[in-house]
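Trainee: Here it is, the structure in full.
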Amino acid sequence: MSDDFNMSMRKFLKQVGVTSQQAIEEAIRDTSSGGKSFEAKVVLSVPELGLEHVVTGTITGQDD
């Protein structure tokens, strides 16, 4: 793979990570659910490649 491809993929994945973390933190603040654990699911799709990748996991809350 080319360096340009790798850089654009890394930039995209960084944006996904940062904006996802911000959205989760905001949702937790808005619901006052800081001490709970949450089941999370991310679906990444690239229709042109016929790709659908699912990642699931648990986000453990923490009281302030």
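The values are calculated or read from the model by the stated rules, or taken from the named source; none is laboratory data. Model, not experiment: these values are computed from the prediction. Accessible surface is based on the protein model in full, side chains and every heavy atom, while ligands, DNA and RNA are left aside. Shrake-Rupley method; radii C 1.70, N 1.55, O 1.52, S 1.80 Å.
Trainee: Of the heavy-atom accessible surface of the chain (probe 1.4 angstrom), what whole percent is carbon and sulfur?
Mentor: Details: 3130 of 5810 Å².
Within the chain, the accessible surface is 54 percent carbon and sulfur.
Trainee: Okay, moving on. What's the angle, to the nearest 10 degrees (0 to 90), between helix 3-31's Cα axis and the longest principal axis of the chain?
Mentor: 20
Trainee: In square nanometres, what is one fourth of the surface area of the convex hull spanned by the alpha carbons of the chain?
Mentor: On the way: hull surface 22.3 nm².
Spelled out: convex hull of the Cα atoms, projected over all directions, averaged, 5.6 nm².
Trainee: Moving to a separate point now. Given 0.36 nm per residue, what is the gain on full extension from residue 11 to residue 38 after removing their alpha carbon distance, in nm? Mind dumping the intermediate values first?
Mentor: Details: separation 27, 0.36 × 27 = 9.72 nm, distance 2.68 nm.
Value of the extension gain: 7.0 nm.
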